[in-house]
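Peer 1: One structure coming up, written as structure tokens, with questions to follow.
The values are calculated or read from the model by the stated rules, or taken from the named source; none is laboratory data. Keep in mind the model is a prediction, meaning the values are calculated, not measured. Every residue, glycine among them, receives a Cβ derived from its backbone with ideal geometry; neighbour counts consider all protein chains shown.
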Amino acid sequence: MNMVKLILDEYMIKNGVTRYQLSKDTEIKYQTIDNYYKNRVVRYDSFILSKICEALNCKIEDILIYVGD
């Protein structure tokens, strides 16, 4: 099955960023960040992804990948 997968957890671990710190830096609720971190999001919000990328100083392709068959 083809799908887009969020690899935010890998990126954050590699760069030493905690969910609490990202929540604080983005002003996004911790629970929302936790859901993105644990890849429990069905539909990605472009505003949230933009805030995350801005806070982490990364590109969208650093935290999202396309997984094909």
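Peer 1: Only one of TYR30, TYR11, TYR37 is in contact with a Ser or Thr (Cβ under 6 Å, 6 or more places away or on another chain) and either modelled with pLDDT of 95 or more or among the polar types (S, T, N, Q) (or both). Can you tell me which?
Peer 2: Criteria check complete, one pass: TYR30.
Peer 1: Follow-up. For the stretch 49-69, how many residues are closer than 12 Å to ASP25 by Cα and either at pLDDT below 95 or crowded, with 16+ Cβ neighbours inside 10 Å (or both)?
Peer 2: 5
Peer 1: Still on this structure: When the residues of the stretch 59-69 are filtered to those that are outside any helix (DSSP H, G or I) and not hydroxyl-bearing (Ser, Thr, Tyr), which remaining residue is farthest from LEU6 (Cα to Cα)?
Peer 2: ASP69
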